[in-house]
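Accompanying notes for the structure given below.
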Amino acid sequence: MFKKTLLASAFGAAMLTAALPQAALADNTLRMAYDADPVSLDIHEQLSGGILQLSHMVFDPLVRWTNDYQFEPRLATEWEQVDDTTLRIKLREGVKFHSGNDFTAKDVAWTIERLQRSGDFKAIFETIDSVNVVDDHTVEIVTKQPDPLLLNIATYIFPMDSKFYSGETDSGKAKDEIVKNGNSYASTHVSGTGPFKVTGRQQGVKVEFERFADYWDTESPGNVDHIVLTPINENATRVSALLSGDVDFIAPVPPNDLERVEADPDAKLVTMSGTRIILLHMNQERVEAFKDARVRQAFTYAINQEGIASRLMKGFATPAAQLSPEGYAGHNPDLTPRYDLEKAKELMAEAGYEDGFSITMMAPNNRYVNDAKIAQAVAAMLAKINVRVDLKTLPKAQYWGEYDNRAADMMLIGWHADTEDSANFFQYITECPNAETGAGQYNAGNYCNPELDKLLEQANLELDKDKRADMLQQIEQGLYDDAAFVPLHWQDLAWASANNADIEPILNVMNFPYLGDLVIEE
Amino acid sequence: MIAFLIKRLFHALLVMFVISLIAFAIQDNLGDPVQQMVGQSVPESERAALREELGLNDPFLVQYLRFAVNATQFDFGYSYVFHEPTTQVILRHLPATLELVFASTLLIILLSVPIGVYSAIKPRAWLSRFFMGVSIVGISIPVFLTAIVLIQLFAIGMSWSPFPADTSWGAWLNDLISTEGGLPAYGRGNPEHVFGTWYTNFTSLKGLTYLILPAISLASIMLPLFIRLIRAEMLEVLQSEYVKFARAKGISMRRIYFVHALKNTMLPVITVGGVQIGTLVAYTILTETVFQWPGMGLMFLDAINRSDIPLIVTYLMIVGVIFVVTNTVVDLIYGLVNPTVKLTGKPA
């Protein structure tokens, strides 16, 4: 008996030592190229795609999105609405930060407080009144009024290591300071709970990551040990880097190169219908004719969204007739693109503009996929209903200033809802402009429908999901009937990788690849 | 000599002053830096606060004076994107660009002198005609196209099979015109640290492979120009009286070509060359963008895209200084090659 166990344990030990070098050998490195690198290591400094992608690598959110817009528990394990304004959250136990500190409820409260100080994030977190630490692994988030989007917001709460970021640096500055212009401790030092630690960073050149040995999520199949992120801004170079085998994963793949990547036997392409809507505003304050709903409708009838999506965008876009993409609560399945040139002409005649009129139009030329070409196509389509368009396209650095000044009669914009919810679209794009509340900040059409705004207000307080979805869909219907703007399409997303990287399961429409779960086949 | 250098120093200061003034005057047309620094849904009040903090609301003269006063103490401000002093950002990106320019210059010198001289000595040889033909094509191809073609051929690789692959000669010909690829398509790899902010690609073979394609692309702009210039100058010199005289005296042709003629050929070439090195620095913007070479050119283009005004101004000023310095060095070398040239331009 004794002998047997001894033998078994000896055998086991032999197996173990035999297995060990192999495990050490399997050092998976993922070399990836995005079009930009994160501007800072301080995840509260700027609300941008690059920073959120970094957040998902180095930190963990309380909850995160699945591909069908459900919430997946991460650092929050359970949550429960205690009353209309209080959400109690149970936190995961045994989680460690990269610094070695334990993760507790205090870190969550500290992080939310810091978010409320961040210029870029404070608007999202305005709804939160207080955060109460119940015990080490329970917090209660109290909102000022019932907020149906509290969990959506929780996807932005990436708890930071409060001990690590407390105190002062050698030069006497607070370590938790958020600095936009200048150096701060948090922009160069980082400690999160995420699957990867930052081991090196040369801004604009590369960022290096290493898998965090004490990562809590041991069930994750992810087997990437090392990541090198290189920003490659130039589309053609990024694709070449993948095709030549210099990198294993790139995003985004430019539409012109989709076929080339697909045809390559060593690479694979993943595309997805995105959630960023591209649309044109019709400024009612600048053009008298736009005050007439029939003219606005005529414009939406005159523009062929399907044509733009299939030909100009090479199928790399989903034609839109509303703001909310499929899967969003407000998505109204009854609304479809309404291209009908005859109908458009009829409406123009009815409104007394048979002979058309002249307008100005502006669009960026390096912000969205094919943005300048889209504007040209739209101008050509409007010519068919006798509308003469004087089009000007600008680089994005100059465009947004003009946009804020409402410098043209029609202006192109793309919008992605930070909260992955329809209400965000309405709030910025179609609500009656109000400089004080910030409503309609990007409503360059000066479209205003107080009834729809009222409905939105109610929806923002409605905790019943179905009732709320119904309200939001009513708003979409109202905007559609009013032809509040000219919807064009939702821009698709595309990634590509070497064949041995199984990227499909980790990608999502929000465009934060969950790299911690990435499996590279040997 | 000293007077000459002092004069050049004033030149440099004047150049920097004018550039800074122009760069500052156009900054409003470079776009709103605040827009690049905040998320899209950030409220106007936050933007206004940031604009105030950056001093963007001050009148032009106040902004310029603030900048100028700091600049006299070598403080050119903070980059909006990199969060550190602009001079530091540029110093970090400078070695990559200088190494690239150095490698290209080396290529240009090593190739243009023999080719130019050869095609002047043997103007009718088929090889000379071939070089002249290629250089005409070379002059008219933009650098980014050269770069993309080089990437396709030597980084990704290209296999052609116009010949029947089942025959041995066909396979051999197919192989001959196909390329393997394998050269790095972007970046510098892992350059080794020398000192300070200087990392180099020159210490290892692997590092050098990263240099090959960008250096060839960059050299491709100037190489045809230099070949044609050297050829034309050499042809002219070979017609001159002293060469004829030397020949009549019976001096060996080799000595005439490479000692007597080449020396006089190189004088105008050095002048043009010096100015062109400055131009090469400017062309690195295109080359570095295509190859994602992390030097000053790429940094500058990024700075423009992000309206990083302090960085743009500093870059322009430093490039201005590089121009002045290279011109000064060229003039000094010119004086060494041809001692009859008076640097100060006054009778001695």
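Comparing the full protein assembly with the isolated chain (1.4 Å probe, heavy atoms, ligands and nucleic acids excluded), the residues of segment B:42-65 losing at least 30 square angstrom of accessible area are B:VAL42, B:PRO43, B:GLU46.
Placing +1 on each Lys and Arg Cβ and -1 on each Asp and Glu Cβ, with no other charges, gives chain A a dipole about its Cα centre of roughly 1020 debye.
Determine the dipole magnitude for segment A:419-517: charges of +1 sit on the beta-carbon of Lys and Arg, -1 on that of Asp and Glu, nothing else is charged, the reference point is the Cα centre, and the result goes in debye to the nearest 20.
Working: 4 positive and 18 negative charges, 32 e Å.
For this selection, approximately 160 debye.
Here is the interface size for B with A: some 3600 Å² of accessible area buried, both sides summed, with a 1.4 Å probe. Distance between the modelled labels on B:SER240 and A:ASN101, one decimal in nanometres: 7.6 nm (7 Å Cα→Cβ projection). Taking every DSSP beta bridge that has both ends in chain A, the antiparallel portion is near 75%. Pairs with C-alpha atoms separated by more than 20 Å, drawn from the list A:LYS373/A:LYS396; A:LYS291/A:LYS467; A:LYS122/A:LYS144; A:LYS106/A:LYS175; A:LYS106/A:LYS173; A:LYS197/A:LYS268, are A:LYS291/A:LYS467; A:LYS106/A:LYS173; A:LYS197/A:LYS268. Calculated accessible area for segment A:63-154 comes out at 43 Å² per residue, all protein chains present (probe 1.4 Å; ligands, DNA, RNA ignored).
For segment A:273-492, what proportion of DSSP beta bridges, expressed in % and rounded to the nearest 5, is antiparallel? Mind showing how you got there, number by number?
Values: 15 of 24 bridges.
Expressed as a percentage, antiparallel bridges in segment A:273-492 total about 60.
Panel note: contact residues of segment A:172-197 (accessible area lowered by at least 50 Å² against the chain on its own; 1.4 Å probe) correspond to A:LYS180, A:ASN181.
So, for segment A:273-492, what is the accessible surface per residue at a probe of 1.4 Å, expressed in square angstrom?
Values: 8700 Å² over 220 residues.
Accessible area per residue, segment A:273-492: 40 Å².
For chain A, the fraction of C-alpha pairs farther apart than 32 angstrom is 49 percent.
Considering only protein heavy atoms and a probe of 1.4 Å, how much of the accessible area of segment A:63-154 is carbon and sulfur, as a whole percent? If you can, show how the numbers build up before the last one.
Numbers: 1680 of 3940 Å².
Using a 1.4 Å probe with all protein chains present, segment A:63-154 comes out at 43 percent carbon and sulfur.
Which percent of the accessible heavy-atom area of chain B goes to carbon and sulfur, probe 1.4 angstrom?
Numbers: 12490 of 18010 Å².
In chain B, the share of accessible area belonging to carbon and sulfur is 69 percent.
Using a probe of 1.4 angstrom, how much of the accessible area of segment A:273-492 is carbon and sulfur, in percent? Mind dumping the intermediate values first?
Numbers: 3730 of 8700 Å².
Ligands and nucleic acids excluded, carbon and sulfur reach 43 percent.
Of B:ILE333, A:ILE227, B:ILE221, the order by accessible heavy-atom surface (1.4 Å probe, DNA, RNA and ligands excluded), from most exposed downward, is B:ILE333, B:ILE221, A:ILE227. Within the shell of other residues whose beta carbon sits under 14 angstrom from the beta carbon of B:TYR64, the net charge comes to -1, with Lys and Arg scored +1 and Asp and Glu -1. Based on protein heavy atoms only, chain B ends up with 52 Å² per residue of surface accessible to a 1.4 Å probe. A dipole drawn for segment A:63-154 from +1 and -1 charges on Cβ atoms has a positive end, and of A:ASN132, A:VAL82, A:ASN67 the residue lying farthest that way is A:ASN67.
Volume per residue, Å³, of the convex hull around the alpha-carbon atoms of the protein assembly as shown?
Details: hull volume 229.2 nm³, N = 870.
Convex hull volume per residue, Cα atoms: 263 Å³.
Taking a Cβ cut-off of under 15 Å around B:TYR242, the surrounding Lys, Arg, Asp and Glu residues balance to a net charge of +2, with basic ones at +1 and acidic ones at -1. Relative contact order, whole percent, for chain B stands at 27, derived from Cα pairs under 8 Å and 6 or more residues apart. Per residue, the convex hull spanned by the alpha carbons of segment A:273-492 comes to 110 Å³. Applying 1/(1 + (r/R0)^6) with R0 = 45 Å to the Cβ-Cβ distance of B:PHE17 and A:HIS226 gives a FRET efficiency near 0.40.
Using C-alpha pairs under 8 Å with a sequence gap of at least 6, the mean separation divided by the residue count of segment A:114-218 gives a relative contact order of 13 percent. Here the Karplus curve 6.51 cos²θ - 1.76 cosθ + 1.60, taken at θ = phi - 60°, turns the phi angles of segment A:247-262 into couplings of 10, 9, 7, 10, 7, x, 8, x, x, 5, 9, 4, 5, 5, 5, 5 Hz, with x standing for Gly and Pro.
Taking 8 Å as the Cα distance limit and 6 or more residues as the minimum spacing, I'd like the relative contact order of chain A as a percentage.
On the way: 1044 pairs, mean separation 98.4, N = 522.
Answer for chain A is 19 percent.
With the charge dipole of the protein assembly as shown set up from +1 on Lys and Arg Cβ and -1 on Asp and Glu Cβ about the Cα centre, the Cα lying farthest toward the positive end among the listed residues B:ILE22, A:ALA377, A:LEU150 is that of B:ILE22.
Between beta-carbons, use under 14 Å as the cut-off and find the net charge around B:ASP302, counting Lys and Arg +1, Asp and Glu -1.
Values: positive: A:LYS396, B:ARG92, B:ARG306; negative: A:ASP35, A:ASP37, A:GLU234, B:GLU288, B:ASP308.
It works out to a net charge of -2.
The values are calculated or read from the model by the stated rules, or taken from the named source; none is laboratory data. Just so you know, these numbers come straight off a predicted model, no measurement behind them. Because the Cβ atoms are built from the backbone with ideal geometry, glycine has one as well, and the counts that use them run over all protein chains shown. Just so you know, the surface numbers come from the protein's heavy atoms only, side chains and all, with ligands and any DNA or RNA stripped out. Shrake-Rupley method; radii C 1.70, N 1.55, O 1.52, S 1.80 Å.
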